[in-house]
Structure formats: structure tokens, C-alpha cells
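**Q** The structure follows.
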């Protein structure tokens, strides 16, 4: 395996023709026998969190633990989900970019990021992409491209709810929501290959119905579709009502 | 590639493969063995070190990523305070706190925990309990239940802040007086001994209700530091894999991708031709010797149905070929080059189909050796039928007959150290097997024929073990490197991956259980029946004995009342069948947790159906002291049964003290308590289960010990007993220290080396403190008698007359006369070894017990149920245990805390499942979730001391019983919370939700 540590984004992008981007490495190392080359992103200064207008911008190499230690007013859904994502040691290494590239449907943080209407900057040919579109197109949407930043508009409120086997387990069913100027976005996860953003609906009942629909074909080895559909609706209703009350 | 690292303050230049993980470089290139291998996906955290002050997992990081960074490993933290003439600062306060508080059991995760604590305290000098648990959130521990490690960090923080901390060996807190129950404080509260108030109290000691007959002791009953704690706190290279040998090869196994097939063709030619491959072995290359991997005394009470390599595979994960190569990468590449053609056979995945007409037959090999009623033509690995009394008559006498069906899952032991073995030829061409095993002597005996060597040409060494829990009571992998060492003449290391632990190691037998109970209106049991269908997987290791325990322990607890107490009516029937799934085997509790889930769920249903108080109903029917263990009259693992009397039973006090601690009276049946203000979807519940276990296997399992004196009055104690992290070396040494009147520091214990230590059956059946302890006491008494004889002679010279040895008392490192004169034991040693009638003062003893005195316990649980989603949260576990005399309250309570935690996983989240073609769903520690520090309920341990007459110090077992009661107590608490019965564990959210919906539909 060839290992390179590019000093600039341009160098990194150039390397991606044959190399896999290496951020924290928590997923990539386990697949290392099949990897021919990696481009380690640690020297690209992509680990900053900054205010950007009415939102926040995150370098793609921001570590999950940084979300819990940041002073910039990280949305609650993002903090709770980051904490739920992994233990301290992994949070100290795993990155936002890595989550977007490799996170699955049971990733609490990915569910929260989807609810927060996160946008992702890809190089080359700089481009803000909606996270939902990006996830739907994986892995092709990331082929030869480098995630450098994420941005989101700060919601007035956000929240995350899940059901798992234990408090720290990954979710079997989860829902996250965020509110801006009276509008709300809800995302659900726990099944399939990625979380899903719900179609906008009226009130808690509308979102709950939408969640039930989203889980209609969600049966797998971890839960039946009937269970997920019922619980997805309940969690969605709860998180939406909780934010509405505030 | 070239790498520059700053490791522990030293700048280091290295040339490594660019795909090397940091863990491999630390261990193999830098010989820093404190970072441990526990998984390959970063979930267990045993590999963690500090990089630039942050805790990171080295198994999921390329070494190249650390280039230019500053690393700190456990090797940089503290050192042993005694280094001869060289002054040292000693251990770090965190290490000291871990040692003092009993926070270290197997010690495999300890370096990562200590480094996590260093990173935490560097940022937050005054952490809360929750802060510490977050710091540990990525370091999984399977031994401790996290309580003591968390307390250790809080204590260390206080020390670093310069605050006073309470001594760990303060008087043991007693539970509240049952008749004046005003004391409701938690464990460790208050200031025993009139100590001043402290800012930080270290809450690691259990409460103990001492027996009034308990004599004062010097070492027994004291919270002594574990004898191996200092080295484990420093991450010393004490484990099997912590060594390198020149020319050592790495072994890998090719596993079957199919559940059932004949190997039609296998060609290893391309693999053998790969540069760096030293050997590839298939079934065609080694002798075909049938054996059992179950590590048990001779004769093994189970069928011989396995081969090192076979021409047939019986589960996804079964062995197909084994490889030895210069590196792990080459070995893995070689596996890909082995060409195999499988002739698929129908797979049997459902145990209910196993004995059906036309079911696929797993074992048609002519070499198969039956044991008992095993019948491979019916896929039957074991069959048990036990009738005690007259079950049908008892049933006819009942006012009600209540039936139920229950199910328990296949679960994995998940020792954080995987299975690992290193083999090599020594200078005498004897095969040395250095292995992480619970049964070194069984390894030697059972592998000898498989390898074509007599036992005398094999030496088995057991270093420290990173947890076993029964999974290493299996001669499971030692043959792999041994065959390869024979083939290559070179040292070979084989270490399983976490995935292999799930797909190719052992597990707990899953069972379906049917219960039928006859009961009178007043709650007297008249007849009690259990029928079991157990799934042993592809091989019959432990099939008979595990399932025998399911009945003989769990069904022994309730005998009935009145006349039924004299003559209980109990029936137990079990079929243990083969399926094309990974083999089950030994797992802490050994069949008993499988039994107590149905028994205690069923007892709850019976009590509620009759409108009886569940606790009183249980106690009315439970076994008592002075009664026969009912199964002892009918069952002894395939040998002749010998009736055993129960001499000690503290069950009623366990129930009373546990109830008091959890405030049972105020909560049970209190509708207000069950509801959560402001959360209409939540319900609280409280539940109880009574349990019993056994202590050792009577008339069979033997332990030996030898002891000799040294010139300074210290003693070398050699035992075959196998400390797998439980602290057995410590409690054995404490027993020797008590007899010899010396502090624990003067007992130098060495365990488990088949060349040097006496025989011991190994660490299983909760037997070590009891069986091996009795052997230690016997050996120590012999040595003590020689010391007394010599001391009497030495002290008679300046006395008025001859002194009898029987008058000499050993205490405080001296031999004392009744009138207060004394000679030191060191002087006695010098006299014996150098000065007069020279002799080696020593003792050798062994012990086999005629009884298996059961420990008893009352397990309580408090839960919170979300009645809309089925989400269950266990908030509190209280266990009151009668384990006889407690030798070491720290290690014993550590067993209970860790056991309850493991059992909590059995209750709510652990489960191994397979798809329609037998492929495992759970292959890592993300999918197979074990409890982490930051999601634990509150744990509390209470000991009810009884003095078991069959042991010199009155001990009974402690290790396994905490596995038995948590699941049913949680299940009963769920019933209490929301009125529904979940009869299958784990109680997943969906199972509970489905039960709630069924209940809703009915009501």
C-alpha cells in the first residue's frame, strides 16, 4: 500500500486518482488488505469549526469529539448523536468526512446531519452538495472527489431520539429533527444503507405518518418493518413535539 | 516506509510496511506490549494509547498516521517501587488506585483504562462519576462491571489533588440490621471506624453480613491487593502473545463458507508456493484422530466427534486448512490461494428438526465415540432424563398446573483477549504450548494423541489470561500452531480475530425450555418439570454436562414445602442436538443461567397467578440447610450419584438484605412508584430471582498445591490452578498466608505450568477457591507443622522445658509460644536450610471434594420501560449472595459486579443469530453489543456469610452465580412494570413491544 500525506488540497485531489482518502482511518484500516494507496488528509488543516453567516462550517477532518468540546454552539441533535456514535477513543479519531463517506443507516450522526440539512463541499470543481443527494449517490458520488467541508444553518432547535438494545447501542430506529424559522426537517434511520430525510409535513402527526411510511419496507435481521414503522412514527412524533413545545 | 515517532519521550526512527497498523508496530517493532489486541475494528479499545495526549485506538490506525506525533504508552507510566538500589518514584497515583481498589481483574484492558484516566485527569482534575465513565466509554471490560475502575479514577484524582482518601482496608461495612432497618445508605457510605468526613469516598467494598461464628483472621476476609495487580497496572508483557521468538511464524485458518459440505477436492499447491509460506496443512496432511475439545477430567463426559482437520465441514466457520507464514499478510494471502471444491450437503439449522425423520446427519464418521445416550444417527449429542420422587403423583395432588415455554439465546463469552497460543520445540525437542487456557493439564492430556506425542513430551504454560469465562475451558486452538510447529520445526503463533471468536469459537448453548408446575392453593409446589431442547451446534463439547446443570442446579432450588420438602417430585428431560452452527461449549454459569431464566420467570407467573407474594412464595418452596440437594440422589454427569447434604444456606437472609437494599417493600405493588411524573409512557418495575449454583464437581475434580520455604521466610506456592483474571492466585495465596502466619507479600505464587506445578483440573465449575484452596491449605499446614516443630525446638533451648509443636502459633511472620516468646519464620528457615538437621520445609497436598456445596443468592432488579416503544432500561441491580466465607471482599465483589454485567447483556442485548444458510449476523463488537461503562446501571453487592464445613475456611463458590439471576429478575421487573411477560431473552425492544401489543389486544 502506498501512503502519501499531501500538503495541499490540490495535491490530495491529484492523489485520489489512485488513492483512497484517509481521514481518521477507523474504517479504512479494517479494509487495508484491499487498499493500494491512501492519501492522508491530516496536514490539510481541515479540522476547524468556524462561524459562517448564520451557520457553522466544519472541516471534513473535524473529529467527532471536537463536536462535544466545541464552543461554537453545536446543535443539540449533532452533539447527542456524536456522543451516541462511538466511545471516546474512536470519537477522538473518527471524522465528519469519514462518517459521510462510510456511515450507514444506523449512524446516529449521519441521521442528525441529514435532519440539519447539511451541505457538503466537494473537490475538485468546488461544489456544495446536499448531504441527502450525496448519500443517495454513494459510492459513485464520492469517486475521485474529496470532501473538504460541511456547512449547516444553525437551527433554533434540534433533537435526536433513538431506540436501541441498550443506551449506548446503535439505533434500531432513530429520528432527528431541526427547526428553522418555523420550518422543520426530520430524518430517520436504523435500516437500509443510509438514513432518510422525511418529506415535509404538517405538525407532529404529519411527520409521524411520513416516518411510518418511510419504514414501511424496513424489515431486516435487526427488526421487523412493522416494529420500525410503529416506533419510527412514535420517535418522530416525540422529537417534533418536543421541539414544538420549546 | 520510514517513520519517525516520539514514543514515551524517545524519538524513534523505524522502517515499516505502510499498511502496518500502529498496534502492530508498537508490539512487534517496539516491543511495547501494553497495547493489546482485542479486536480489529476499534470497538474494544484494549489497544488504546495516547497520541498527542488524546486516547486513540491503535488497531484502527495506520502507523504512518502517527508519523511526527507524540505517543505515550503504559510503559511510560510509573514503575515498581522496589528496584534494588535504584530509587524510583513508584507507581503513578492512577496505577496505585487501580491496584488498591480491586479495579484490575484480568488486566487486559487495564493499560487502556489507565491511559484513558491520564488523558481525562490532564483535562479535568475533578471529574465526576459520569466523566470517568465517558472516558472509559471506548474501553470494553468484560470482568469488572466498571464500578471499581471508575472508583479508582475518582480516588486517584483525589490523591492528585492532595486530598485525603479513605483506606480500602477500613472495617467492612455491614448491611443494615434487619430488625432496625433505618440504614438505607449505599455501599461504602458513612465513616466506619469513626473516620473523618472525606471529600472523596472510595466505594468499592461490598457490605458483608458476617457470621457470628466467624473467627478473627489475619488475611482471610481482608481486601488484599491482587498479587498480579502491579505488573498488570504497568502493562507488563505477561500475556500469551506478549513475546517474540526468533523465526516465529504466524498461523491462520481457512474457514468454511458453507454450513455443511464434504470437501470434494482441496489443493494447497498455489498457497504453498507463495513466498513466505512455511506450511499449509489440510485433512490429507495430518493423522485422523478423533477427540473432544471440551477441557474436562478423564473420561470426558461427552462424545468424541471432532478432528483437527476433516474432509467434512459442519458449520460456516469450521476449519478447512491451516497455514503458517512469515507474516500475517502472507498467511492471509495464502488462504486465498487454497482451492476447495465443496459438495454441499443439506444444512440443519433448526434444532427442532434435528431428530426428525430424514434430517441431515452431521456425524457419520466411523471414528465417532459415543458417551452415555449420545446417538449420532439421530443427531443427538446427549440425552438426559431424571425423575426424582413421583412427578405424576405430585401433579395429581396439585390444585393448579401451570405451564410455560421459554427460550434462551446463543451468546459469546467475549473475553477481551481472544484465544491465542504460541508453540515451539524446546532444546530437548519437547513441544512447548504457551496458551491462554483455563485448563492447561487437560490441554496436555487431550492433545497428546492428536499430535502423536506422549504427554511427557508436551509442556503447557499458562501465562496471565485476558479473561476466559468458560471459552478457554476448551482445547480449541492449541492444535493449530502445534501441528504447524511439528510441520515446520519453527515457533508458531496463532491468535484468533474477533470475527473468528464469533464464527469459530464457542458459545453458550441456546435452549428452548418447557415448564410444568403443580402447585397447591397455599403456594406449595407439588411437582416441577422442565423439558429442554438444547442446541450444541456442530460438535458435542460440554453438551451433556452443561445441559445436566440446567436441570440439576436450576431445578434443585425449589423442592416444595411440608411433606414435599422431604420428598420432592421433580422431572428433568433434555435432548441436546447437533445443528450446522458453531459449537456451543462452556460459558460462566455452565447451563445454569439457561435454567434459571425459565424457572424464575415461571415461578413469578405461578406466584402472580395464585395471588401470592413472589418473594414469600419462592422462599416457602426453596431448598434449605439440612436438606439433600435433590439431584444429588439421581444425577452426577454420567457417573454414579452420591447424595449430598446442604450444610449451609443463607438464602433467606440474602432475600431479606437484598429486599432492604433495593427498598422492595416500598416499591413492589406501589402504583405511585411505578409511574414516572411527567412521562406517561414510562413505567418503573422491580423484580427478584432466587438462584443457586454449585461449587466444583464432587468425587472428580482435583486440585494440587506445593509450597516451600525460602531463607527470608517467604514461600513459593505452586499451584496448577488457573487464574484467568478472577484473582484466584490472590485468594489461594491468602489461604496459605493465613495458615503460615505471614503477610500476603511473603507468598510467591506461581500457577499453571504442567512441568513445574502440581496437577489441577483447571478453572471451571466455580471450584478454584474451594478445591484448589483446600489443597493449598493442606500443603501450607504441612509446612506449618514443620515450622512449628523446628521453632519449638529452637524456642525450647532457652525455656524451662521442652516445647510441644502443637503449642506454637504462627502469626506476624513469627512462631510464638503461649508465653509470648517467639522466633521469626526467617530464622526458622535459615535454621532449616543452613544450620541444623537441614531440610527443605515444604508441603504437598491435593484435594477432591465429596460435595459441591451450593452458593445461594437473591438477585433484584429495577427497570424503566417505555411502554410505547419497548425500550427497556435497567437502572439498578442488587445481588445478595451467600458464598460462604469471603476470602477477599474486593475480588469477590468484583466477581459479582462483573458477573451481573455479563448477565445483563444476556438479559437485554446479547444474542448470536444466523441467516437461512447459517451465516452469522454478529461478527464484531458493534453488532454484538456488550455493556460499556457509560450505560451501566447502579450495581450493589451484599455478602451473607455462612461457614461451609467442608472447606477449611468455610468458603463456597462466587464466580458463576452472578450469571444466573439478572435475566429473570429483569424479566420479572418488566412484568412488574407493565404487566407483560416476555419469555425469550434477550428482551429486545421489539420483543417487549410485541408483548405489550399482544397484552393490549387481549385486555
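Read-outs throughout are calculated quantities, based only on the coordinates presented, and are distinct from any laboratory measurement. Please read all numbers here as calculations on a predicted model, not as lab measurements. Note that we place each Cβ from the backbone using ideal geometry, even for glycine, and neighbour counts take in every protein chain shown.
**Q** Just rank A:15, B:484, fewest to most, by other beta-carbon atoms within 10 angstrom.
**A** A:15, B:484
**Q** Right, another one. So, in nm, how far is label residue B:262 from label residue B:625 when the simple model puts each one 7 Å beyond its Cα toward the Cβ?
**A** A separation of 6.3 nm, rounded to one decimal place.
**Q** Give me the angle, in degrees from 0 to 90, between the Cα long axis of helix A:76-85 and the longest principal axis of the Cα atoms of chain A, rounded to the nearest 10.
**A** Value to nearest ten degrees: 70.
**Q** Something else now. Would you list B:794, A:184 from fewest to most Cβ contacts within 10 Å?
**A** Result, fewest neighbours first: B:794, A:184.
**Q** Once the mean 1/r over all distinct Cα pairs of chain B is inverted, what Kirkwood radius in angstroms do you read off?
**A** The Cα-based Kirkwood calculation yields 29.3 Å.
**Q** Over 17 Å apart: what share of the alpha carbon pairs of the stretch B:288-365 falls there, rounded to a whole percent? List each step's numbers first, then the result.
**A** Details: 1892 of 3003 pairs.
The proportion of pairs with Cα distances above 17 Å equals 63 percent.
**Q** Can you give the angle from 0 to 90° between the axis of helix A:225-245 and the longest principal axis of chain A, with both taken from C-alpha atoms, to the nearest 10?
**A** 90 degrees
**Q** Now a separate question. Looking at the square roots a ≥ b ≥ c of the eigenvalues of the Cα gyration tensor of the protein assembly as shown, which shape do they give, rounded for a/c under 1.5, prolate if a/b is larger than b/c, or oblate? Please report the intermediate quantities before stating the final value.
**A** Details: a/c = 1.38, a/b = 1.24, b/c = 1.12.
Rounded is the answer for the protein assembly as shown, as its axis ratio a/c remains below 1.5.
**Q** Within 10 Å of each residue's Cβ, count the other Cβ atoms and sort B:816, B:597, A:128, B:673 from fewest upward.
**A** A:128, B:673, B:816, B:597
**Q** Cα-based Rg (one decimal) and Dmax (whole number) for chain A, in Å?
**A** Taking only Cα atoms of chain A, I get Rg and Dmax of 17.7, 54 Å.
**Q** Measuring from a point 7 Å past the Cα of residue A:193 along Cα-to-C-beta, which residues in the stretch A:108-134 have an amide N at less than 12 Å?
**A** Output list for this probe position: empty.
**Q** Once every DSSP H run of n ≥ 4 in the protein assembly as shown is given -39500 (n - 2.57) and the sum is divided by its residues, what mean residue ellipticity at 222 nm do you get, rounded to the nearest 500 deg cm²/dmol?
**A** -8000 deg cm²/dmol
**Q** Now a separate question. Is the C-alpha gyration tensor of the stretch A:97-222 telling us rounded, prolate or oblate? Criteria: a/c under 1.5 is rounded; beyond that, a/b larger than b/c is prolate, otherwise oblate.
**A** Since a/c reaches 1.5 but b/c is at least a/b, the shape of the stretch A:97-222 is classed as oblate.
**Q** What's the Kirkwood radius of the stretch B:216-363 in Å, using all Cα pairs?
**A** On the way: mean 1/r = 0.0523 Å⁻¹.
Its Kirkwood hydrodynamic radius stands at 19.1 Å.
**Q** Report the convex hull volume per residue for the stretch B:1-91, counting only C-alpha atoms, in Å³. Display every interim value, and only then the final one.
**A** Numbers: hull volume 9.5 nm³, N = 91.
Spread over its residues, the Cα hull of the stretch B:1-91 gives 104 Å³ apiece.
**Q** Under 15 Å from a label point 7 Å along Cα→Cβ of residue B:712: give me every residue in the stretch B:723-764 with its amide N that close.
**A** B:743-749
**Q** Between helix A:203-214 and chain A, what is the angle of the helix's C-alpha long axis to the longest principal axis, kept within 0 to 90° and rounded to the nearest 10?
**A** With both axes taken from Cα atoms, the answer is about 60 degrees.
**Q** What full-extension length gain, to one decimal in nm, is calculated for residue B:270 and residue B:11 as 0.36 nm per residue of separation minus the Cα-Cα distance?
**A** So the chain would gain 89.0 nm between residue B:270 and residue B:11.
**Q** Shifting gears a bit: With label points built 7 Å along Cα→Cβ from the Cα atoms of residue B:806 and residue B:83, find their separation and express it in nm.
**A** It works out to 5.3 nm between the two label points.
**Q** Something else about it: Can you classify the stretch B:721-766 as rounded, prolate or oblate using the Cα gyration tensor, where a ≥ b ≥ c are the square roots of its eigenvalues, rounded means a/c under 1.5, and otherwise it's prolate if a/b beats b/c and oblate if not?
**A** prolate
**Q** With each label point set 7 Å from Cα along the Cα-Cβ vector, what nm distance links residue B:836 and residue B:332?
**A** If labels sit at residue B:836 and residue B:332, their model points lie 6.8 nm apart.
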